[in-house]
Amino acid sequence: MEKNNRLNIIESLIDKNTDVLLDIGTDHGYLIKKAFQNNKINSALATDINIKPLESAKKNLEGYNVDFILSDGFRNVSRKFDCVVIAGMGANLINSILALDPGYENTVYILQANNKVERLRKYLLDNKYKIIDEVIVLDNKYYYVIIKAIKGMMVLTEEEIYLGPILMKRSESIAYYQNKLDNYNYLINKKKAHREPFSKQISYLNNIIDKLTK
C-alpha cells in the first residue's frame, strides 16, 4: 500500500478501537503507521508475499506493536484479527485471497481493487459478504473504489453489481461514472471497438448519470 490519497481514505474507513488490523500486502507499512498515529488500532499484522517490503515495513514501524509475517494472503496468519485491508491489487487476486478468509466473526473488510471492481462485488455477493460502504478516490488522475464490507447477506441486481449499490445513490459518483462512460466512448470512437459488448454498461452509466443530475 503506497503513501497516497487512497491510503488516507482507506485509513479513514478503519473503525476506532480496532484491536488487531491485518494489512495484506503491507508494502512499506504506511497504512499501519497512519492507523496507529490516529489512534485507530491497538496492534497490527503486516503481511507481504515478498521479504523486501516486509523489511522496509519493519524499519518504518519500529517501536509499534506489529507482527510481520511472510505470507501469501491469509495462509500464514494464525492470529485473529478484527479488520483486514486488502488493497492495491486486481479484483481477481483479491477474490483468490478472500477464498482463504478464516471467517472470524465481526471482521471488517476494507477492499480496493485496481480494476474490475464489479467482479469483486459479485464475489462478495456470492460468498455471503455485505457491502456497508463504498468510497471513490481520485488518485494520480485515476478513479478507485474502496469497499467496506462485513459478513452477511445482501441482494444485488446486475446494475448494482456494476455501478455499486451505495455509490449509485451519491451525487459525488457522477464524475466517476462520467469517466467510465468517456472511456467506453473513446474505445468505440477512437479505437473502433464494437459497441455491442459495452452496450449494457453504457446504458447503466447513462441512466445513473441522468438520475443523479436531476
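The values are calculated or read from the model by the stated rules, or taken from the named source; none is laboratory data. None of the values given here were measured: they were computed from a predicted structure. Neighbour counts run over all protein chains shown; Cβ positions are idealised from the backbone, glycine included. Just so you know, the surface numbers come from the protein's heavy atoms only, side chains and all, with ligands and any DNA or RNA stripped out. Shrake-Rupley method; radii C 1.70, N 1.55, O 1.52, S 1.80 Å.
For the condition open to solvent by less than 30 Å² (accessible area, probe 1.4 Å), out of contact with any Gly (no Cβ under 8 Å at 6 or more places or on another chain), of a type in the set (Val, Ile, Thr) and part of a helix (DSSP H, G or I), residue 174 does not qualify. Applying a threshold of 6 Å to beta carbon distances and a minimum spacing of six or more residues, or different chains, the list of pairs starting in segment 114-141 at a residue that is over 17 Å from residue 5 (Cβ atoms) and aromatic (Phe, Trp, Tyr) and ending at one that is crowded, with 21+ Cβ neighbours inside 10 Å and modelled with pLDDT of 95 or more reads 123/95; 129/149.
Taking the condition open to solvent by 50 Å² or more (accessible area, probe 1.4 Å), more than 18 Å from residue 100 (Cα to Cα) and at pLDDT 95 or above, does residue 80 pass? Answer is no for this residue.
When segment 1-43 is examined, which residues are found to be open to solvent by less than 30 Å² (accessible area, probe 1.4 Å), in contact (Cβ under 8 Å) with a residue 60 or more places away in the chain, more than 22 Å from residue 143 (Cβ to Cβ) and not hydroxyl-bearing (Ser, Thr, Tyr)? Hits for segment 1-43 are 20, 21, 22, 23, 24. Once segment 189-205 is narrowed to residues that are touching a helix residue (DSSP H, G or I) at 6+ places or on another chain (Cβ under 9 Å) and farther than 17 Å from residue 177 by Cβ, the residue that is most open to solvent (accessible area, probe 1.4 Å) is 194. Is it fair to say residue 58 is within 22 Å of the chain's Cα centre (by Cα) and part of a helix (DSSP H, G or I)? In short, no. Looking only at residues in segment 45-71 that are in contact (Cβ under 8 Å) with a residue 24 or more places away in the chain and over 20 Å from residue 34 (Cα atoms), the one that is most open to solvent (accessible area, probe 1.4 Å) is 49.
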